[in-house]
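The values are calculated or read from the model by the stated rules, or taken from the named source; none is laboratory data. These numbers were taken from a predicted model, which means no experiment stands behind them. Please note: Cβ atoms are built from the backbone with ideal geometry, for glycine as well, and neighbour counts cover all protein chains shown.
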Amino acid sequence: MALNYLNFLKIMKHILTFLILSLVFVSCKNNTNEAPEVPVETEEVKELAYASFGDKIEADNAIEAKLMADTYKDLKVGDSIPTKMIGKVDEVCQAKGCWMKIDLGNDEQVMVKFKDYGFFMPKNIAGKEVILDGKAFVSELSVEEQRHYAEDAGKSEDEIAAITEVRRTYSFEADGVLLKEE
């Protein structure tokens with residue numbers, strides 16, 4: 001009889017385990033009495049896309065070109081400052097894209113060249129927005145160099161011949177450029 005009692009306890013143990021597990025599963029069942037989901041209105045954020053040229057740079061913390069014009073006025077020939085600038089392209093070298101001019105406002109431009117001629121820009125980007133990272137400086141541009149740039153820009157013979165004086169220019173040597181894609 002002691003043997004039957006032990007078997008009975010083993011069977012009861014299994015039944016009790018089964019009941020406990022059943023209760024656990026039933027209690028974990030999803031509750032369908034939850035409040036209905038309220039649709040959340042989200043504002044779609046369009047991430048700006050840029051084509052990158054030269055060194056990899058980030059699009060943040062760039063100074064507007066029009067504000068940079070005041071900084072250029074305070075520089076002397078030979079001074080340079082590291083900066084990041086955002087502006088609109090006025091002109092690009094039509095020979096191979098080896099320079100571009102950025103609009104500073106008030107009929108002023110900055111001549112942009114690329115560090116060690118390590119990269120060039122597409123020739124069809126006039127009017128597009130760019131972000132430049134590098135150094136801003138003031139230089140004097142010889143008559144010969146001005147004529148060379150005018151020729152690269154596709155200026156007429158008369159326009160090239162009209163260049164007769166050394167000119168103080170705002171310059172920028174870019175390590176990297178981001179071209180805003182549309």
Problem set entry | Exclusive hit being touching a Lys or Arg at 6+ places or on another chain (Cβ under 6 Å), modelled with pLDDT under 95 and surrounded by fewer than 17 Cβ atoms within 10 Å (Cβ to Cβ), set SER142, SER156, SER80 | SER80
Exercise. Within region 111-124, which residues are surrounded by fewer than 16 Cβ atoms within 10 Å (Cβ to Cβ) and either of a type in the set (Phe, Trp, Tyr) or outside the structural domain of ILE81 (by TED's automatic domain parsing) (or both)?
Worked result: TYR117
Problem set entry | Filter result for the condition that a residue is in a loop (DSSP other than H, G, I, E, B) and touching an Asp or Glu at 6+ places or on another chain (Cβ under 9 Å), over GLN109, GLN94 | GLN94
Exercise. Which residues, counting only those in region 159-170, are under 25 Å from TYR50 (Cβ atoms) and touching a Lys or Arg at 6+ places or on another chain (Cβ under 7 Å)?
Worked result: none
Problem set entry | Lone unmet requirement of (1) assigned to a strand (DSSP E or B); (2) in contact with a Lys or Arg (Cβ under 8 Å, 6 or more places away or on another chain); (3) surrounded by fewer than 16 Cβ atoms within 10 Å (Cβ to Cβ) for GLY127 | (1)
